[in-house]
Structure formats: structure tokens, C-alpha cells
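The values are calculated or read from the model by the stated rules, or taken from the named source; none is laboratory data. Quick caveat: nothing in here was measured; it's all calculated off a predicted structure. Cβ atoms come from the backbone with ideal geometry, glycine included; neighbour counts cover every protein chain shown. Keep in mind that these areas ignore ligands, DNA and RNA; they rest on the heavy atoms of the full protein, side chains included. Shrake-Rupley method; radii C 1.70, N 1.55, O 1.52, S 1.80 Å.
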Amino acid sequence: MRDTIQIHIQTEKRHIAYITKIFEAMGHLAIVTTIDRESGLLRILCDPGSRGEVMQVLETLPCRAVPPRS
């Protein structure tokens, strides 16, 4: 079984649905979950083999990578 990569990002609250829909439209590239809607914190789950493509997509979106919360 392959591991799952977690990428945490932060965006403005108004961009949460947009980012989620972009990944939904790309098929099964990644799964987006909202950790904290008020602060715009999202978790992206992807396969290690898809990480590069996910990062390329994220570079085009209104968000920034943040460290995971403990």
C-alpha cells in the first residue's frame, strides 16, 4: 500500500470552494478537505506519485503552503 501525502495550505475564505472545485474537476488527483473555514486552512491529500502535479496546480491558485498543525 502506498503512503498518502498531506499538504496544508491557507487561502482566503472566499477561495475555498474555488480551490476545492479545481481539484474535483481534475478527477482523482487529490482530495481537499477544509480544516478551518474561518482561517482558510485546507488539507490536500494525494498519492506520492501525484505530488509534483498537485504542487504545480497549487502554484497557480490563490493559496500558500503552511506547516501542519500539531
Hits in the stretch 41-70 (condition: in a strand (DSSP E or B), crowded, with 16+ Cβ neighbours inside 10 Å and of a type in the set (A, V, I, L, M)): Leu41, Leu42, Ile44
Pair list, Cβ < 8 Å and 6+ apart or interchain, from the stretch 54-68 residues that are aliphatic (A, V, I, L, M) to residues that are open to solvent by 100 Å² or more (accessible area, probe 1.4 Å): Leu61/Tyr18
Scan of the stretch 3-58 for residues that are among the hydroxyl-bearing types (Ser, Thr, Tyr) and within 18 Å of Arg69 (Cα to Cα), ordered by number: Thr4, Thr11, Thr33, Thr34, Ser39
Candidate set: the stretch 17-40, residues that are part of a loop (DSSP other than H, G, I, E, B) and of a type outside the set (S, T, N, Q); chosen: the one surrounded by the most Cβ atoms within 10 Å (Cβ to Cβ): Ala30
